[in-house]
1. Tell me, which residue of region B:77-86 that is open to solvent by 50 Å² or more (accessible area, probe 1.4 Å) and touching a strand residue (DSSP E or B) at 6+ places or on another chain (Cβ under 7 Å) is farthest from the other protein chains (Cβ to nearest Cβ)?
2. Considering only residues that are away from DNA strand C (no atom under 15 Å from the Cβ) and open to solvent by 40 Å² or more (accessible area, probe 1.4 Å), which ones fall in region B:24-38?
3. Within region B:51-76, how many residues turn out to be open to solvent by 30 Å² or more (accessible area, probe 1.4 Å) and more than 12 Å from DNA strand D (Cβ to nearest atom)?
4. Given the structure, is B:Arg21 open to solvent by 60 Å² or more (accessible area, probe 1.4 Å) and more than 19 Å from B:Asp3 (Cα to Cα)?
5. Here's a check for you: in region A:51-84, which residue that is part of a loop (DSSP other than H, G, I, E, B) and touching a Leu at 6+ places or on another chain (Cβ under 7 Å) is nearest to DNA strand C (Cβ to nearest atom)?
6. Of all residues in region B:13-50, which are over 14 Å from B:Leu62 (Cβ atoms), away from DNA strand D (no atom under 15 Å from the Cβ) and not in a loop (DSSP other than H, G, I, E, B)?
7. Would you be able to tell me the number of residues in region B:87-127 that are assigned to a strand (DSSP E or B), more than 8 Å from every other protein chain (Cβ to nearest Cβ) and either in contact with a helix residue (DSSP H, G or I) (Cβ under 8 Å, 6 or more places away or on another chain) or surrounded by fewer than 19 Cβ atoms within 10 Å (Cβ to Cβ) (or both)?
8. Could you please find all residues in region A:78-98 being of a type outside the set (A, V, I, L, M, F, W, C) and closer than 26 Å to A:His13 by Cβ?
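The values are calculated or read from the model by the stated rules, or taken from the named source; none is laboratory data. This structure is a prediction, so every number in the text was calculated from the model and none was measured. For neighbour counting, all protein chains shown are included, and Cβ atoms are generated from backbone atoms with ideal geometry for every residue, glycine included. Accessible surface is based on the protein model in full, side chains and every heavy atom, while ligands, DNA and RNA are left aside. Shrake-Rupley method; radii C 1.70, N 1.55, O 1.52, S 1.80 Å.
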2 protein chains.
Amino acid sequence: MTDSEVVELLRAHGIRPSAHRVAVASCVLGNDTHPSAETVLRKARERLPVISRATVYNTLNLLNEKGLLRQHPFGAGTVFDSNVSRHHHLIDEETGEMRDIPWEKLSVSGLESIKDAEITDYMIVIRGRFKKRRA
Amino acid sequence: MTDSEVVELLRAHGIRPSAHRVAVASCVLGNDTHPSAETVLRKARERLPVISRATVYNTLNLLNEKGLLRQHPFGAGTVFDSNVSRHHHLIDEETGEMRDIPWEKLSVSGLESIKDAEITDYMIVIRGRFKKRRA
DNA sequence: TCCCAAAACTGGACATAGTCTAGCTCGCAT
DNA sequence: ATGCGAGCTAGACTATGTCCAGTTTTGGGA
């Protein structure tokens with residue numbers, strides 16, 4: 001994703017695209033990696049040597065609030081996911097690495113039997129060992 | 001679960017049942033709450049005023065290794081679950097409170113299409129709002 | 001019973017992840 | 001040019017968890 005695409009995306013979601021925000025956003029958006037906040041901080045500093053931890057956290061939280069990314073606590077600590085459409089997750093038990101599984105690949109039955117809660121979202125979390133590189 | 005049942009359970013899993021370990025274990029085992037480590041520390045201190053944070057963590061990790069409980073990173077931070085049989089999870093979005101859903105209540109199809117990993121475990125994680133108290 | 005080694009426990013230092021705040025800076029409208 | 005507010009900064013602070021060196025407890029053997 002080019003910088004100008006990132007800028008457009010931020011604007012489209014009501015976020016003023018400062019240089020710092022663009023640097024942070026382009027570390028996460030438009031790819032299927034699942035970086036931690038510290039990873040984003042490190043990558044953002046490659047582009048913009050002076051950027052504070054607080055700015056990275058502020059920006060990630062802002063992107064989260066505005067629906068540009070999601071936060072997941074599984075895997076190796078909390079990671080960010082720019083795939084905001086519904087999908088499932090596959091996690092490598094050894095490394096904590098996380099991959100997305102398309103929504104259509106799996107399905108759940110029996111949800112109508114859940115009576116004691118109003119369901120807003122659900123996903124399947126699979127743990128195992130990756131065989132090889134991502135297809 | 002009585003103390004002597006806890007003692008038996010620990011022994012049966014090759015854990016020497018010291019007074020401290022029993023105090024910690026009985027805060028978690030035999031009930032369906034999902035306490036955090038800090039909650040366990042607080043509860044354990046009600047029984048045993050002098051018990052260190054390290055002992056609580058050591059014991060919880062030991063119980064985890066020996067298969068007496070599981071650790072889950074969803075919900076409100078990391079919590080412990082004495083239900084070690086397969087089950088799914090329902091999480092209240094507001095409070096982070098977690099409830100177990102029996103394995104048989106839900107089912108997943110399509111797992112055979114996962115080709116790039118050896119699956120060791122999976123579960124459904126549902127988010128929503130609890131309607132009322134646990135049945 | 002007494003003694004010893006091993007196991008368990010302790011407090012505190014350290015590590016990691018994340019939040020908060022007070023002050024500074026920069027871009028923009030006037 | 002100047003004043004203002006959004007954004008950014010460093011660093012202090014909190015929460016959670018690990019590690020370690022030293023001390024206490026425990027169980028088993030003489």
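1. Only one residue tops the list, namely B:Val84.
2. Within region B:24-38, B:Gly30, B:Asn31, B:Asp32, B:Thr33 meet the criteria.
3. Total satisfying the criteria: 3.
4. no
5. Residue satisfying both the conditions and the ranking: A:Leu69.
6. Correct list: B:Ser26, B:Glu46.
7. 4
8. Answer for region A:78-98, where residues must be of a type outside the set (A, V, I, L, M, F, W, C) and closer than 26 Å to A:His13 by Cβ: A:Thr78, A:Asp81, A:Ser82, A:Asn83, A:Ser85, A:Arg86, A:His87, A:His88, A:His89.
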